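Chemist: Can you keep this structure in mind? I'll have questions shortly.
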Amino acid sequence: MRLDRLIGKWASWGKRQVREQFEAGEVSVNGERVTEAARLVGKFDRIEVSGKVVQAEIRRVIILNKPLGVVSATKDPEHPTVIDLIERPWASGLHLAGRLDRYTSGLMILTNDGEFSKSLTEPAQKVGKRYLVEVDGVIEQAVVEVFEEGMWFAKEEITTAPAKVELIEDSRCRLIIYEGKHHQVKRMFARFDLKVIALHREAIGGIELPDDLPMGAWRELA
């Protein structure tokens, strides 16, 4: 948004009054005096006029290790939410960059930066999500091959991008998928009559869940 328009809206000033503030050197952005009225500013730029704060929202990116039983929502009448775990006054201003169902644990990212959130969740970005999966049977090579070729989902009318599978044990693997369809991992294994009995997200793109972040705890990224 243009700086002069933002200030005018904040103070209910006309163009002349706003211009006078710039001419008098009363406008600063991120601590630096600004004279360019048409300068474009973002949501997280700190703006002051005559020492008064016009805008000072802090950009926040939170990683959280979601426990089982907690819902991926900002509010829920029956269950604790990921927002409830943060317990900070500013937590209500966060939104979820992707979700996990109530019976899946692991990495969640919460932020007040809409553009950053889109960079992780928009399908066109093809951001990989890595899961540790345990099923109630043997993961045969045929399963791996189908996952790595891509799988047709009739409900969404899509073929999934080729997944990456790393077998750990007969019934455990690491799986990277590039979509976020409803219960996608569970539906993929169900095609082979395998029930997912444990599902834990370890990473989203280049953001890893730290080994030292306890279940239910959160951390703010720099």
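No lab work stands behind these numbers, since they all come straight from the coordinates. Note that this is a predicted model, so its numbers are computed, not measured. As a convention, Cβ positions derive from the backbone with ideal geometry for all residues, glycine included, and neighbour counts pool all protein chains shown.
Chemist: State which entries of 66/118; 75/118; 66/164; 126/155; 126/186; 43/164 exceed 30 angstrom in Cα-Cα distance in the structure shown. Could the numbers behind the result be given before it?
Modeler: Numbers: 66/118 21 Å; 75/118 21 Å; 66/164 23 Å; 126/155 20 Å; 126/186 20 Å; 43/164 37 Å.
From 66/118; 75/118; 66/164; 126/155; 126/186; 43/164, over 30 Å: 43/164.
Chemist: First measure r as the distance between the Cβ atoms of residue 43 and residue 198, then evaluate 1/(1 + (r/R0)^6) with R0 = 41 Å and state the FRET efficiency to the nearest 0.05.
Modeler: After rounding, the FRET efficiency stands at 0.60.
Chemist: Taking the stretch 157-222 on its own, what percent of its Cα-Cα pair distances exceed 17 Å?
Modeler: Looking at the stretch 157-222, the distances longer than 17 Å represent 52 percent of pairs.
Chemist: A further question follows. Taking GluC sites (Glu not before Pro) as candidate sites, keep only those in a DSSP loop with at most 14 other Cβ atoms within 10 Å, then name the longest stretch of the chain containing none of them.
Modeler: Excluding the exposed sites themselves, the longest stretch runs over 158-222.
Chemist: How many angstrom lie between the Cα centre of the stretch 25-65 and the Cα centre of the stretch 195-212?
Modeler: The stretch 25-65 and the stretch 195-212 have Cα centres spaced 35 Å from each other.
Chemist: Same structure, new question: Over the chain, with a single point scatterer placed on each C-alpha, what log10 of the ratio I(q)/I(0) does the Debye formula yield at q = 0.10, 0.12, 0.16 1/Å?
Modeler: -0.59, -0.75, -1.05
Chemist: Can you tell which of 105, 12, 171 shows the greatest fluctuation in a Gaussian network model of the chain with Cα springs below 10 Å?
Modeler: 12
Chemist: All other residues with a Cβ under 13 Å from the Cβ of residue 16 taken together, and with Lys, Arg as +1 and Asp, Glu as -1, what is their net charge?
Modeler: Charge balance in the 13 Å sphere: -1.
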